[in-house]
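Please read the structure below before turning to the comments.
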Amino acid sequence: VHSHQGLLGDDTGLNAVRLICDTGTDTVMSSEGPFGVWKPPLMCPQGEHLVSFRLRVEAAQGPWDDTAANNVDMSCSEGTLLQGQGNDRGTWGDWSPACPSSCGVCGISTRVDPFDDNIDDTGLND
């Protein structure tokens, strides 16, 4: 997560998402933008697994600083909510369709804006 950079800074919000597999050591990661810091991991309780997510997204700001995706929440199979530790800009989108009870999230696909020093960067944006 890239925190607020002040009035003249270029904020990017989320820059990557990493999933930790049930082994606790294997991971799956999206593309990674160049900004921000990793927050402490959030884990489903023992015996639960990820089944759904939603993104907090800031709409295009015209000539102002765009951040796109700023936060992600995920839900676990028994209803536990993992609240993201991102920024509060934008609005929450709808929850993704939940995986069937015998299945869970096992991968991730994202779109990350590559760094360009001459334009407004957005980090993870889809």
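Summarise the accessible area of the stretch 34-107 (1.4 Å probe, protein heavy atoms) by the percent that is carbon and sulfur.
58 percent
Residue-wise HN-Hα couplings along the stretch 36-43, as the Karplus relation 6.51 cos²θ - 1.76 cosθ + 1.60 with θ = phi - 60° gives them from phi, are x, 10, 6, 8, x, x, 10, 10 Hz; Gly and Pro carry x. Label sites at Leu19 and Trp38, each approximated as a point 7 angstrom past Cα along Cα to Cβ, lie 1.7 nm apart. With a Förster radius of 30 Å applied to the C-beta separation of Asp26 and Ser3, the computed FRET efficiency comes to 0.55.
Heavy-atom accessible surface of the stretch 1-86, averaged per residue, reaches 58 Å², computed with a 1.4 Å probe.
For Thr110, nonlocal amide neighbours, meaning residues 5 or more places apart or on other chains whose placed amide H falls under 5 Å from its own, are Ser31. A cut-off under 12 angstrom between Cβ atoms defines the neighbours of Thr91, and their net charge, with Lys, Arg +1 and Asp, Glu -1, is 0.
If Lys and Arg each add +1 and Asp and Glu each add -1, what is the summed charge of the other residues whose beta carbon sits under 12 Å from the beta carbon of Arg54? Walk me through the numbers before you get to the answer.
Values: positive: Arg56; negative: Asp73, Asp94.
Once positives and negatives cancel, what remains is -1.
Could you work out how much longer the chain between Trp64 and Ser101 gets when fully extended? Use 0.36 nm per residue separation minus the Cα distance between them, nm to one decimal.
9.0 nm
Derived scalar couplings between HN and Hα for the stretch 30-35 equal 6, 4, 10, x, x, 10 Hz in order, rounded to whole Hz, by the Karplus curve 6.51 cos²θ - 1.76 cosθ + 1.60 (θ = phi - 60°), x for Gly and Pro.
The values are calculated or read from the model by the stated rules, or taken from the named source; none is laboratory data. Fair warning: this is a prediction, and the values are worked out from it, not measured in the lab. Glycine gets a Cβ as well: all are built from the backbone with ideal geometry, and neighbour counts include every protein chain shown. Surface accessibility is based on the protein's heavy atoms, side chains included, excluding ligands, DNA and RNA. Shrake-Rupley method; radii C 1.70, N 1.55, O 1.52, S 1.80 Å.
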